[in-house]
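What follows is calculated from the coordinates using simple rules that are stated; it is not laboratory data. What you are looking at is a predicted structure, and each value in this text was computed from that prediction instead of being measured. All Cβ positions, glycine included, derive from the backbone under ideal geometry; neighbour counts span all protein chains shown.
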Amino acid sequence: MNPFVPGFALILLAAVSGGAFAVPLKMQRRYQWENTWLLGFLFALLIIPLVVVTIFLPVWSSAIRAAGAATIMTAMAFGFLWGWGAVTFAVGITAVGLSIGYATIMGVNTAVGSIIPMLRRWNEAPDNAKVVILAGIALCILGVAICGRGGMLRERKAGSDPLSAAEGAAQRSLPARVFMIGLFWCVLSGFLSACANLGFDFADRVAQEAERLGAGPLSASVGRWITVYWGGYSAILLGCGYTMIKKGTWKNYFAQGSARDFVLSIALGSLHFLAQIPYGMGAHYLGPLGTTVGWAVNIALSLLVANSFGFFTGEWKGAPKASTDTLYVGLSTLVLAMIVLAKGNSMVHR
């Protein structure tokens, strides 16, 4: 079987999970974002991964020790930065709104998370493949920006609706300085969020040691995430813990009716886990530039899935035609980007 088939299939699974990741947030009643983040990521980054590696990669601890302190500290450092990216994501989105914030964050995330791994392996790809892959990344960033524009047009319509007039007025009166600060948090979150892929890329030594100890290549790829997750949850614990103490929202865990939100947080964490582990496996199948092509394709697909969920849940109901037409152009651009990236990746293997 062509390795691209299982590679892209696994990335598709990751993208579907990533696109559905935010759905449990819309269903919660008691928790604030910091409650959900702390609990959901506890399962996503510590509990579920520990169970998985214990079952499928019993040599994981030996592989980590054999990889050396430099590899582990680098992966954990990237993980710690990525964890702060998850915290600043919520801050930025709250400040400037979902559409502008998400487009900014994912655009920066795509560029940084895809290009840096490519630069690490610049000499492993022919020049014509580099040009095609960079063009695919550029198209992906453009598609994200166009989708964000469609969301902005939809929000303007929502702001003129009598039921949301107060919210619309608040957005229009947002001081320029406050908006720029919020936009700064979004750009920072984009850079930091890309560190998940960078940590995975720099932890390739862990997978090599796991294979040397007898693990298969797919299960060995899971081991690359472990140290990234350790660093990531450290940052989330600090950021969310501080926020809960400051706001007193830690009490939400014990509020009446919070059991429902507890279950939804676990669902969110499980979806997040499935949004990353299959991606790592798929990137292995795609070859030397798997963390470049795979990351961009994963983000493009997750945006397609997320917007599909948006249509199903009624987010775009009553939206002006200009906004939906813009969104369709953006999604079409993302599809074209994935085709170009797949072509570029195939050129590496000729």
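Things to note:
- Taking the charge dipole of the chain about its Cα centre, with +1 at Lys and Arg Cβ atoms and -1 at Asp and Glu Cβ atoms, the residue from L12, G150, L334 reaching farthest to the positive side is G150.
- For segment 4-348, averaging the sequence separation of C-alpha pairs within contact (under 8 Å, six or more residues apart) and dividing by the residue count gives a relative contact order of 43 percent.
- Segment 209-306 pair-distance distribution - Cα-Cα, 5 Å bins, rounded %: 2, 10, 13, 18, 17, 14, 11, 8, 5, 2, 0
- Peptides 325-335, 295-305, ordered by how many other C-beta atoms sit within 10 Å of their residues on average, highest first, read 295-305, 325-335.
- Taking the Cα centre of segment 4-348 as origin and assigning +1 to Lys and Arg Cβ atoms and -1 to Asp and Glu Cβ atoms, the resulting dipole is close to 620 debye.
- Summing charges over neighbours of S221, with a neighbour being any other residue whose Cβ is under 12 Å away from its Cβ, gives -2 when K and R count +1 and D and E count -1.
- Nitroxide proxy distance, nm - points 7 Å out along Cα→Cβ at M180 and K251: 3.9 nm
- Computed FRET value (nearest 0.05) for S346 with I47, which takes r as the C-beta separation and R₀ as 41 Å: 0.60
- Gyration tensor (alpha-carbon) shape descriptor, segment 1-92, a/c threshold 1.5: oblate
- Straight-line cross-link partners of K317 among the lysines, defined as a Cα under 24 Å from its Cα and at least 8 positions apart when in the same chain: K26, K157.
- Fraction of the pair-distance distribution of segment 25-71 above 17 Å, Cα-Cα pairs, percent: 55 percent
- Highest to lowest packing among 232-240, 193-201, 212-220, 116-124, scored as the average C-beta count within 10 Å: 193-201, 232-240, 212-220, 116-124
- Taking a straight line from the alpha carbon of K343, these lysines sit under 17 Å away, with near neighbours fewer than eight places off in the same chain left out: K130.
- With only the Cα atoms considered, the chain has a convex hull volume of 144 Å³ per residue.
- The sum of -39500 (n - 2.57) across all DSSP H runs of n ≥ 4, divided by the residue count of the chain, sets its helix-only mean residue ellipticity at 222 nm to -28000 deg cm²/dmol.
- The slack between D325 and A9, meaning 0.36 nm per residue of separation minus the straight C-alpha distance, is 110.9 nm.
- Residue among L38, V112, L303 farthest towards the positive dipole end of segment 4-348, charges placed on Cβ: L38
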